[in-house]
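Let me begin by presenting the structure, written as structure tokens, before commenting on it.
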Amino acid sequence: KIGIEATKYVIKAKLIATGIVEKPDVIGAVFGQTEGLLGEELDLRELQKSGRIGRIEVTVETKEGKSEGLIDIPTSLNKEDTALIAASLETIERIGPCNAKIEIISVDDVRSTKRDYVIGRAKALLGELNKITPESQEMTEMVKEQSRIGEVVEIGPDKIPAGPDIEKAEEVILVEGRADVINLVKHGIKNAIGVGGTSVPLALKPLCANKKVTVFLDGDRGGDLILKKLLHVVDIDFVARAPLGREVEELAGKEIIKALRLKVSKEDAIRSSEPENQPQPIESSFHRRGGRDRGRSFSRNSYHDAPMREDGRTTTLQYREEFEQFTKIADGLMGSGQIAILKQDGADYKEIGRVPKSDAADVLKNLPEGKARALVVDGDADQGLINDAAAKGITYVVVGRKPRYLRRKQGMYVLEAHYLKQVIQENKSPSGGTEK
């Protein structure tokens, strides 16, 4: 009998007999009809005696006077000898009193299965080991994270979470909750206060007295609700927002600074019910880690508005970094009669695909809602395309020319490519205005 640890291969075969046969008939045929076929060295009886092949396993089922079954033969031979023995089984023509046929299904490498198990198990064990013994870099980050959490203080009976510089800061930043405060402290901004969601504590008012107050909100409807609540409790100066669909607690350091640079006055934030009516950003100062950075000014003086027309009236358009991506794609589409469908990947916009304008309605109809963030259209766009894009949650539609009487969903931008280029050019101008 071959030991399981010594098995290298398993020969698997199926048998079909024209009559009723039993397990001893099959085993007898295997030994008897292959005897002498491959020489003494590969005689099955001798190989079994020496432990080179294992116990022959046979299963037989009889249906309607015919027999079918499976044969398994484990071997510790090399692959060449194993293949010869497997082939010899197919020479068997009779089993017991019946005509029969044996066909090899497979020759399985048992060691391959073992190797797969070893690799999978090793990965699992390594994962567990990494959890138990973190790398030195991970330990350093863990210590830093705990120290940052330790820097967050709790103020008043409501235990309002705040950064450590909140008492001495001339400007405070109001965020939604503790996680937002921790994230700002993590990136060196230590004058934040968590307002506790829409349940704004009244104790917040004295904390903000005689200070410039910036509200830094998530880029979703929840942020809008919090702003409405705060307007009744605190005298707000400025409003900053995270990118659309993002939360303050998940922003990276550069994203936080950019959002705070682009803050707008309270009055403009209230008036800005339409996305295109975004006011010019106001210079910001807030406390960062270390004395030399305290009071550091963050501004983007090159952000200037360019005129555009919509619904028969003049509005303004504020520069955004994604405009350059949109205009580049628009240039590539020129003359093609196509529409590019874009998804958002962080700060970048990547093409999902391009389709002819004539197929756009069908493609958008089958597009999962939220999968695409922008469309870039070669040439004109009609109201039907705008409606289809709005139905799929698309935020930006960049076109050659908009419909004369445009109707669009709130929160949606319909932008003409040539105006985007003008805004980009003005943004790059050293004087902040249009180059002459």
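The values are calculated or read from the model by the stated rules, or taken from the named source; none is laboratory data. None of these values were measured; they are calculated from a predicted model. In this analysis, Cβ positions are derived from the backbone assuming ideal geometry, glycine residues included, and neighbour counts consider all displayed protein chains.
Looking at (1) assigned to a strand (DSSP E or B); (2) more than 48 Å from the chain's Cα centre (by Cα), can you tell me which one residue 105 breaks?
Unmet condition: (2).
Say whether the condition of being under 50 Å from the mean Cα position of the chain (by Cα), aliphatic (A, V, I, L, M) and in the same structural domain as residue 97 (by TED's automatic domain parsing) is met by at least one residue in region 12-23.
yes
Report yes if residue 10 is touching a helix residue (DSSP H, G or I) at 6+ places or on another chain (Cβ under 7 Å), of a type outside the set (Lys, Arg) and modelled with pLDDT of 90 or more, otherwise no.
Yes.
Take region 382-399 and flag every residue that is closer than 19 Å to residue 349 by Cβ and at pLDDT below 85.
Hits for region 382-399: nothing passes.
For region 160-188, which positions are hydrophobic (A, V, I, L, M, F, W, C) and in contact (Cβ under 8 Å) with a residue 40 or more places away in the chain?
160, 162, 166, 169, 172, 173, 174, 175, 179, 182, 184
Out of all the residues in region 331-345, which are more than 15 Å from residue 418 (Cα to Cα) and among the aliphatic types (A, V, I, L, M)?
Across region 331-345, the qualifying residues are 339, 340, 341, 342.
Among the listed residues 226, 236, 256, identify the single one that is among the β-branched types (Val, Ile, Thr), within 23 Å of the chain's Cα centre (by Cα) and either at positive phi or buried (at least 17 other Cβ atoms within 10 Å of the Cβ) (or both).
After applying the criteria, what remains is 256.
Can you confirm whether region 200-216 contains a residue that is within 20 Å of residue 255 (Cβ to Cβ), in contact with a helix residue (DSSP H, G or I) (Cβ under 7 Å, 6 or more places away or on another chain) and among the hydrophobic types (A, V, I, L, M, F, W, C)?
Yes; the residues of region 200-216 include at least one that is within 20 Å of residue 255 (Cβ to Cβ), in contact with a helix residue (DSSP H, G or I) (Cβ under 7 Å, 6 or more places away or on another chain) and among the hydrophobic types (A, V, I, L, M, F, W, C).
Tell me yes or no: at least one residue of region 378-385 is at negative phi, among the polar types (S, T, N, Q) and under 27 Å from the mean Cα position of the chain (by Cα).
No: region 378-385 contains no residue that is at negative phi, among the polar types (S, T, N, Q) and under 27 Å from the mean Cα position of the chain (by Cα).
If you go through region 362-387 one residue at a time, how many are in contact with a Lys or Arg (Cβ under 7 Å, 6 or more places away or on another chain), surrounded by 18 or more Cβ atoms within 10 Å (Cβ to Cβ) and assigned to a helix (DSSP H, G or I)?
Final tally of qualifying residues: 2.
For residue 82, only one of the following conditions fails: (1) under 19 Å from residue 14 (Cβ atoms); (2) surrounded by 14 or more Cβ atoms within 10 Å (Cβ to Cβ); (3) more than 53 Å from the chain's Cα centre (by Cα); (4) not aliphatic (A, V, I, L, M). What is its number?
Failing condition for residue 82: (3).
State whether one or more residues within region 355-365 are closer than 30 Å to residue 250 by Cβ and at pLDDT 90 or above.
Checked region 355-365: no residue is closer than 30 Å to residue 250 by Cβ and at pLDDT 90 or above.
Applying the selection to region 244-263, what residues are basic (Lys, Arg) and in contact (Cβ under 8 Å) with a residue 40 or more places away in the chain?
263
Scan 377, 363, 355 and give me the residue that is under 22 Å from residue 401 (Cα atoms) and touching a helix residue (DSSP H, G or I) at 6+ places or on another chain (Cβ under 6 Å).
Result of the check over 377, 363, 355: 355.
Name the helices (runs of 4 or more DSSP H) wholly inside region 1-89 in which the number of residues that are under 25 Å from residue 111 (Cβ atoms) is 3 or more.
44-49, 79-89
For region 209-241, enumerate the residues that are of a type in the set (Gly, Ala, Ser) and in contact with a Phe, Trp or Tyr (Cβ under 7 Å, 6 or more places away or on another chain).
Answer for region 209-241, where residues must be of a type in the set (Gly, Ala, Ser) and in contact with a Phe, Trp or Tyr (Cβ under 7 Å, 6 or more places away or on another chain): just 240.
Taking only pairs six or more apart or across chains, which ones have beta-carbon atoms under 7 Å, a first residue in region 360-374 that is under 16 Å from residue 384 (Cβ atoms), and a second residue that is part of a helix (DSSP H, G or I) and of a type in the set (A, V, I, L, M)?
These pairs meet every condition: 360/385; 364/389.
Quickly run through region 225-240 and pick out the residues that are within 19 Å of residue 179 (Cβ to Cβ) and in a helix (DSSP H, G or I).
225, 226, 227, 229, 230
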